[in-house]
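Down below is the structure, laid out as C-alpha cells.
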Amino acid sequence: MLSAVTPLAKAQQKKSIWDHKLIKRFISPDKDTTRSAGFMVVPALGYAQETGLEFGLAGVYNFYVNKTDTSIRTSNVTFIGTFTTERQTNLKLESDVWTIDNKHHFVSELRFRNFPFNYYGLGNQTHQANQDILLMRMTRVRFEGERRLADHYYGGVNFAYEYFDFSDREAGGIFESQPPYGQEGGWHVMLGLSQLYDTRNSNTYTTKGYYARVKYAFSPGFGGGNNFKGSLIDVDLRAFFPLLPQLTLGMNAHYTTSFGPRVPFYVYSELGGDMMMRGYYTGRYRDPNLLAAQSELRYRFHPRLGIAGFVGTGSTYHRGNQPIRFIPSYGGGLRYFFDLEHNSSVRIEYGIGEKRPGEKRQGGFYLSLSEAF
C-alpha cells in the first residue's frame, strides 16, 4: 500500500537554505548558545611592481580555554601568510590566551618576513620623492605572560628575540646617501616587565571600561657592533563609554620610546598602519619616539553589522633635534561580526592622512580582523 505525502509533510522535509548550519553561523542574528569556537578566513590578494602578484590568507580562531567558565575572556590565534611571484614571504602567527577565571594572560608571536617595504628616511617630515624600496629579512619570537595580582590588575614579564637584515633594491637612494645607524641590520634579545589595569567588559568588542598597559624592555646589546643596546617603553591607554545601547565612544592614546647607547633605526617607532594613525603607510615617519591619540564612534545597528568613524592625531619625534609635528588621521568604515559569541569582527575601512606640499593626500584602504583597539 502506498501512503500519501501531504504538502505540509513535504514542506517539513524540505529545509530552507537559511536553515543550514554554516549559513546560520555567519548570518543569523542569534548568538550560538553552545559557547563553541569560531573561525574566520579572509583572502589576501594584491599586485605591486616590487613584489609582483601577492596572494595568501589571513585567519583568526576564537575560543574559550574553559567553556563552563562564563566569566572567562575570549582567547584567539591569528595567522597571516602571504607569498609573491617574486619569491617573497610574510608569515605571522600570534596568540592571545586568557586562562580560567582570567587569572593568567599570555601573548605570543612568531614571525618571519622576507618582503620589501618603502623607506623614506628618518624624521617626521620625510618626502614621497625620497621613497626607497628595501628588502627586509626579519625573524621575531615574542612571549608575554601576566598574572592577576588584584582585581583588574596584572603584572608580568616579557621576552623577545629579533633579527633584521636589509638590502637596497636600487643604488643611489636615500638609504645609501643618508645611511641610518644600523643600516646593515642586526639582532637583539630583550627582557622586560609589564603592568596592566583592565576593566573592559569585553576584550574583542569593548563597549564599557578602561585599559591601561605599560611595558618596559631592555636589550643588553649581545653581540656588540651596532646591535641594539638600550630600552623600549610602550604605554597604551584606552577608555570606552556607552552613549546608547548600540552606540559606543572609544578613546585611545599611545606612546612609545626607545633610548640607550646603541639604538638602530629598525627599533624606532613607526607611524601608520591599520591600528593607529590609519591613512598613513607604516613607517612613512620614523623616529625614536611616537605620541598619538585617536577616538572612534562605533554604531552597531544590527547584531551582524556596524559602522564606525574615527579621528586621530600623532607625531614621531627626536628629542632635542626635531619638534613634534602633529598630523591628522580620520576616516571610517563597516564592521561585519562573523562570530556573535566572541564578538569578533572584520573591518573594512578607509583612512585619510595629511596632504604635504607637492604630494597627493595620504590615505589607504584596510581589510582587517578585529577592532583597532
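The values are calculated or read from the model by the stated rules, or taken from the named source; none is laboratory data. Note that the coordinates shown come from a computational prediction; the quantities given were computed from them, not determined experimentally. Neighbour counts run over all protein chains shown; Cβ positions are idealised from the backbone, glycine included.
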Only one of Leu340, Leu305 that is touching a strand residue (DSSP E or B) at 6+ places or on another chain (Cβ under 7 Å) and surrounded by fewer than 21 Cβ atoms within 10 Å (Cβ to Cβ):
Leu305
Take segment 311-342 and flag every residue that is at positive phi and more than 19 Å from the chain's Cα centre (by Cα).
Gly320
Only residues in segment 154-165 that are free of Cβ contacts under 8 Å to residues at least 24 places away in the same chain and within 28 Å of Leu135 (Cα to Cα) count as the first member; pair them with residues that are of a type in the set (D, E, K, R) and surrounded by 15 or more Cβ atoms within 10 Å (Cβ to Cβ), Cβ under 9 angstrom, at least 6 apart or cross-chain, and list the lot.
none
Hey, does segment 189-207 have a residue that's in contact (Cβ under 8 Å) with a residue 12 or more places away in the chain, surrounded by fewer than 17 Cβ atoms within 10 Å (Cβ to Cβ), out of contact with any strand residue (DSSP E or B) (no Cβ under 7 Å at 6 or more places or on another chain) and closer than 30 Å to His342 by Cβ?
yes
Within segment 117-135, identify whether any single residue is more than 22 Å from the chain's Cα centre (by Cα) and either on the phi > 0 side of the Ramachandran plot or of a type in the set (Lys, Arg) (or both), and answer yes or no.
yes
Would a scan of segment 284-293 turn up a residue that is within 22 Å of Ile27 (Cβ to Cβ) and polar (S, T, N, Q)?
no
Taking the conditions exactly as written (more than 30 Å from Glu359 (Cα to Cα) and either at pLDDT below 95 or in contact with a helix residue (DSSP H, G or I) (Cβ under 8 Å, 6 or more places away or on another chain) (or both)), does Leu247 satisfy them or not?
no
